[in-house]
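The values are calculated or read from the model by the stated rules, or taken from the named source; none is laboratory data. Nothing here was measured: the structure is a model prediction, and the numbers come from that model. Positions of Cβ are backbone-derived with ideal geometry, glycine not excepted, and every protein chain shown enters the neighbour counts.
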Amino acid sequence: MLRFEVYKDGRPAEQVNLQGAYLVASDGVAVRADISFKKGMITCAKRTAGPAALALLWPVQGMGHIMQETTRLPERDRPYNLHAELVRGRLLRIAQKREDWGLYDFEGSEDISARVDKARDLLIEAFKADSGAEAARYGDDALREAVVAGEELAQFHAEIFLRRRVQSDALGRQTVGCVIDLDSTGELYQKRLLEGFDFATLPVHWRDIEPKEQEFTWNKLDAWVDWLTKRQVPIKASPLVSFGERHLPDWLYIWEHDFETARDLTYDHVRRVVKRYGHVVQQWNVISGLHAENGFNFNFEQILEVTRMVSAITKQLAPRASTVIEIVSPWGEYYARNQRTIPPMLYADMVVQSGVNFDAFGITFFFGRSTEGMFARDMFQISSMIDRFSNLGKPLHVTAVQVPSAVPAPEGKNKEPVPANAAQGGGSWHEPWSEEVQAKWLQHFYLIALSKPFVESVTWRDLVDPVRPASGPGVSLAAGGLVNPDGTPKASFRTLLRLRAELRRREGMELGQGL
């Protein structure tokens, strides 16, 4: 059992937000545990042996409410001080990335090094403190320095490598894209789409294509394919197969305990869609999130079989198109709740080692909502997560990314955005979510992602705020678009236009410029 003391204003805390909290074991794999809080103490009753780290949404002065993680700690009788352990966890990861990125004593990083040293000195004071409350005070100050240092380090690294990548003309011409709303066919929507993006992603959801068995609805997709091809806009399609509840047709659930029939119906669906659009789609997202959203409870071997089958039939029918396997919820929090799923990096490594024929991985990032997998993370954590894909030997596409431009409403209530001073159940980045914060986040994210030599494209989820955002993890956010419903651009859309123009001029762009 792990226990953590928590303090607030020099006294034991009266409440702590444990929504989304989980434990992490070796290799970043989430583990099952019962996590509770009472009288200033967080108690974590693990169901597995060995050291573990606690990850939870935590306020960091000036940096927002973001998921933070301790180091992996052994069980002991005496409780740990959470404030100090969060700092130790961050400083350890900073040290690892400074070594990975070769940024120790790198010219221009002196201020970052000084901030890291300050955080370390404050952490030492926390461990020397006479009381838990005093240790917490030093720990809070140290954590702020460490989180700022981590983001500055990620930004510094991105500036160096993006400049090199742009100057060597290593970025492709299809770098920035957007997922289409099939119902938005207005002239202004289409104008913004052409104005802002290099390619468009068609949502090919099985639920929408075949709402009733053997009754097909192609009109909306056909219309968009015709419009895009006439304007020579490159087309991607996603997802061919997803076993998430929002993607599966209701009639398919009668076969949820019959793997062979479900597999055969999936084969027929993929063959039907690829044969219809294979001549115009340049990239297929063949499998999305089967490791996390396993609605039919397939076992390990069945998940791999479906992945291999869908990839193979797509390659056979559309040999000129590239195929992508999409990883959702990349931190893998879901695995702590559902052992019938697979940790994301284990699944990714599994499909590579088993010889599945595909071209690239996709990864999704959704933040700012109080839903598992969507609690806010900072840029250092995001950059580190993207780096984990560099050892898999495949290119990477950010196939969907989104943060809101207003603080979302609490889950289960009115879905409209709420004022910026409302409680932030899904966390925040630097400040409460707003149009300005969304724009700043977008610019930092795109420049960090595109600085990675193995990242080939970034796709924003919604161009316009959705009228009826869906529920569940990894889906549209009520205020997640780059354009308002009336067609007026948000600050984030203008930022994206400016960034895209700078990248095309091969000049590089300073992080935060113009914001």
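At a glance:
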| quantity | calculated |
| --- | --- |
| Set Val351, Val274: member being more than 26 Å from the chain's Cα centre (by Cα) and crowded, with 22+ Cβ neighbours inside 10 Å | Val274 |
| Any hit, region 489-498, residues being assigned by TED's automatic domain parsing to the domain that holds Glu245, exposed (fewer than 15 other Cβ atoms within 10 Å of the Cβ), outside any helix (DSSP H, G or I) and modelled with pLDDT of 90 or more | no |
| Selected residue (only one of Ser238, Ser288 is touching a strand residue (DSSP E or B) at 6+ places or on another chain (Cβ under 6 Å) and modelled with pLDDT under 95) | Ser238 |
| Unmet criterion (only one of (1) touching a strand residue (DSSP E or B) at 6+ places or on another chain (Cβ under 9 Å); (2) at negative phi) for Gly40 | (2) |
| Close pairs (9 angstrom Cβ cut-off, 6 or more residues apart or separate chains): closer than 13 Å to Gln402 by Cβ in region 437-466, assigned to a loop (DSSP other than H, G, I, E, B) and among the acidic types (Asp, Glu) anywhere | Asp462/Asp181; Leu463/Asp181; Val464/Asp181; Pro466/Asp181 |
| Enumeration of residues in region 1-23 that are among the small types (Gly, Ala, Ser) and either surrounded by fewer than 21 Cβ atoms within 10 Å (Cβ to Cβ) or in contact with an Asp or Glu (Cβ under 6 Å, 6 or more places away or on another chain) (or both) | Gly10, Ala13, Gly20 |
| Count of region 9-62 residues which are part of a loop (DSSP other than H, G, I, E, B) and within 18 Å of Arg93 (Cα to Cα) | 3 |
| Filter pass, Gln282 being part of a strand (DSSP E or B) and at pLDDT 95 or above | yes |
| Selection from region 63-73 of residues that are under 24 Å from the mean Cα position of the chain (by Cα) and part of a strand (DSSP E or B) | Gly64, His65, Ile66, Met67, Gln68, Glu69 |
| Selection count, region 93-126, where residues are of a type outside the set (D, E, K, R) and under 13 Å from Ala149 (Cβ atoms) | 11 |
